[in-house]
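Heads up, the thing below is written out as structure tokens.
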Amino acid sequence: MDKIIQPHDKFFRATFGKADFSRDFLNNYLPKELVELVDMDTLIVQNTNYISKELKEQFTDLLYRTNINNEKAYILFLFEHKSYQDRMVIFQVLKYMIEIWEANIRNDLEARKEDRLSNYDLEIPIVIPMVVYHDRYKWNVKRTLGEMMLGFSNLPISVKKYIPDFEYMLIDLGYSDKEKKLDEEHSIVIKTLNKARYASKGEILDIFTEMITIYRKRKDRDMVAHYIIESMVYIISTRDDLDENELIEIAGQISEEGGDLVMTLADRLRTEGLEQGIEQGIEQGEIKAIRKNIFKVLSRNFKIDIIDNIIKDRIKDISDLDILNDLFDQAFEIKSVEEFEAILDELNK
């Protein structure tokens, strides 16, 4: 079977982008006091085309419009699937929130201009920022702006009120058991996210068997098939030790319906593989370009013509575009080559 390009992004959008999944997910993962305020019946996906390309390269994003406490509001999903702890997350979240507010203000101004209204107060909607993270390591990055400001905690409240501070909601999927309370087809999505990259082949085949069993016993198969096929695509696209014939054989042993489901999966992968061949070539070009730009920034900032060959070789070993983009950003911030080497060391842990 052909691999799918950018499997994390595609899997997140194909699952979290479905209203039935997100309602179930939010009902189980949001704090109880927030669940009581959110009108889940009003939950709909919103267009995020106005979000800058720079931000979209950092996260997979989904924006949901909903009513909170009977007022228009948004829940912003930011899906973090990098293999390292990103200390800049809170600033990226803040940028996202500002762009959402600015877009709402622009739309509001246009609407009021058409109505020829001149005297009015600007209003912005509530935005609940949520970082959904999955990796084998527990998230340990600071989650508020105040924590990152020197001396902020010792300031009196009368001064703190002038300084912006907020906290993003973190959902660390690898360290939560709430997945067990989700509907079966939704639970398999979370289980796949947690296991696909790091579990043994035996564990993955157990999950695959569970998928087929869920599909076989359900009558409402269309939506169930969607989540199971997306989960299987994700698993196959993130691993190199699974064979198409092996999955077909297992599915056929469970049921005829299971065999048909895997054949549908095979057709889907062949189709998408053909469509995305060109995209893969473009991505490889982007990877080479950003590696070159990292070398340029380091050479310019530290006034040396040639960056140490060891550092060059280590960067050439990195093919993840998200990680390279983050290294490019950090190349501007570091104070020494040694600090950059320390960042590379963290990636290898």
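Name the residues in the range 196-219 that are among the small types (Gly, Ala, Ser) and more than 17 Å from Gln253 (Cβ to Cβ), would you? Steps first, please.
Keep residues of the range 196-219 that are among the small types (Gly, Ala, Ser), which gives 196, 199-200, 202.
Within the range 196-219, Ala196, Ala199, Ser200 qualify.
Any idea which of Asp326, Asp317 is open to solvent by 60 Å² or more (accessible area, probe 1.4 Å) and modelled with pLDDT of 70 or more?
Asp317
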Which numbered condition in (1) open to solvent by 20 Å² or more (accessible area, probe 1.4 Å); (2) modelled with pLDDT of 85 or more; (3) more than 22 Å from the chain's Cα centre (by Cα) is the only one that Arg116 fails? (2)
Leu26 - would you say it is among the aliphatic types (A, V, I, L, M), at pLDDT 90 or above and open to solvent by 70 Å² or more (accessible area, probe 1.4 Å)? no
Expected output for the range 304-317 (first residue more than 18 Å from Ile287 (Cα to Cα), partner at pLDDT 75 or above and open to solvent by less than 60 Å² (accessible area, probe 1.4 Å), Cβ below 6 Å, 6+ apart or cross-chain) is Ile307/Phe295; Ile307/Leu298; Ile307/Ser299
Applying the selection to the range 192-202, what residues are charged (D, E, K, R) and open to solvent by less than 50 Å² (accessible area, probe 1.4 Å)? none
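Considering only the range 193-204, I want to know if a residue exists there that is touching a Phe, Trp or Tyr at 6+ places or on another chain (Cβ under 7 Å), in a helix (DSSP H, G or I) and not aliphatic (A, V, I, L, M).
Going residue by residue through the range 193-204, those that are touching a Phe, Trp or Tyr at 6+ places or on another chain (Cβ under 7 Å) are 196.
Checking the rest, the ones that are also in a helix (DSSP H, G or I) come to none.
No: the range 193-204 contains no residue that is touching a Phe, Trp or Tyr at 6+ places or on another chain (Cβ under 7 Å), in a helix (DSSP H, G or I) and not aliphatic (A, V, I, L, M).
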Subset of the range 197-210, residues within 20 Å of Asp240 (Cα to Cα) and either within 26 Å of the chain's Cα centre (by Cα) or not β-branched (Val, Ile, Thr) (or both), comes to Arg197, Tyr198, Ala199, Ser200, Lys201, Gly202, Glu203, Ile204, Leu205, Asp206, Ile207, Phe208
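Of all residues in the range 135-185, how many are β-branched (Val, Ile, Thr), loosely packed, with under 14 Cβ neighbours inside 10 Å and not in a helix (DSSP H, G or I)?
Pass one, the range 135-185, residues β-branched (Val, Ile, Thr): 141, 144, 157, 159, 163, 171.
When the remaining residues are screened for being loosely packed, with under 14 Cβ neighbours inside 10 Å, the result is 144, 157, 159, 163.
Next, from what is left, pick out any that are not in a helix (DSSP H, G or I): 144, 163.
Qualifying residue count for the region: 2.
The values are calculated or read from the model by the stated rules, or taken from the named source; none is laboratory data. Keep in mind it's a predicted model, so treat the numbers as computed, not measured. Positions of Cβ are backbone-derived with ideal geometry, glycine not excepted, and every protein chain shown enters the neighbour counts. Just the protein is used for accessible areas: all its heavy atoms, side chains included, with ligands, DNA and RNA removed. Shrake-Rupley method; radii C 1.70, N 1.55, O 1.52, S 1.80 Å.
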